[in-house]
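Scroll down for the structure; my scribbles are underneath it.
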Amino acid sequence: MNKIEKVVLPLKADAVERATQRATAICDKVHKHLLENDMDITKALPRIDAYNDSYDVYRDKQAKKNLYMSLVSYDKHDMTDKIVIMNDMKILKFIQKARENAAFTYDKFVNKLNLKIGPVSEAKLQGNHVWDESFLTVKIVDGAEEIWKTKMILNVSKLGLIFNQFPTRKMKN
């Protein structure tokens, strides 16, 4: 493990926890929306019209439907009923997937940071954590000191998957 990894690795747990909170909030929001519509999936999600909807509207409606269906089950087995219930197993799977994605993207972030900066002899993180404009000060092997601004952006993909983005910029000295 190199110097940069040692400095930012303890923050991986924060990334996973933040993804867990975001996934839980999404599940709660879906449940609230369904309750407002009497748990009727057709009321909550208007029918997708591939013929009349623009591509963007169609894609957004489909993504929302995919998200909802990844968290619910039909109340009856024949699927003719439009009433759904929140499925605890699906919710746990959704949250677990968000946790795994957060850990994976964090590892990718550390690798990307190592590739961008290169070999270093010292590294120090300033700020609360890597997510809110923290500054990574590194001493390059040749003795030069560089400051890198890091932060995290949390996004949801078109498929309804939660993922992190880590824009990192080298600051001018």
Qualifying residue in region 27-37 (condition: more than 30 Å from Leu125 (Cβ to Cβ), at pLDDT 90 or above and among the polar types (S, T, N, Q)): yes
Unique match (being closer than 30 Å to Leu115 by Cα, assigned to a helix (DSSP H, G or I) and of a type in the set (S, T, N, Q)) among Thr42, Thr20: Thr20
Residues of region 93-107 satisfying the condition of being under 18 Å from Pro167 (Cβ atoms) and among the hydrophobic types (A, V, I, L, M, F, W, C): Ala102, Phe104
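Matching residues to (1) among the small types (Gly, Ala, Ser); (2) in contact with a His (Cβ under 8 Å, 6 or more places away or on another chain); (3) exposed (fewer than 12 other Cβ atoms within 10 Å of the Cβ):
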| site | (1), (2), (3) |
| --- | --- |
| Asp75 | no, no, no |
| Gln96 | no, no, no |
| Thr105 | no, no, no |
| Leu115 | no, no, yes |
| Ala123 | yes, no, no |
| Gly143 | yes, no, yes |
| Lys149 | no, no, no |
| Lys158 | no, no, yes |
| Met171 | no, no, yes |
All strands (runs of 3 or more DSSP E) inside region 73-169 with 2 or more residues being within 30 Å of Leu35 (Cα to Cα), at pLDDT 85 or above and among the hydrophobic types (A, V, I, L, M, F, W, C): 84-86
In region 95-112, the residues that are out of contact with any helix residue (DSSP H, G or I) (no Cβ under 6 Å at 6 or more places or on another chain) and not basic (Lys, Arg): Gln96, Glu100, Asn101, Phe104, Thr105, Asp107, Phe109, Asn111
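The values are calculated or read from the model by the stated rules, or taken from the named source; none is laboratory data. Computed from a predicted structure; not experimentally measured. Positions of Cβ are generated from backbone atoms using ideal geometry, with glycine treated the same way; all protein chains shown enter the neighbour counts.
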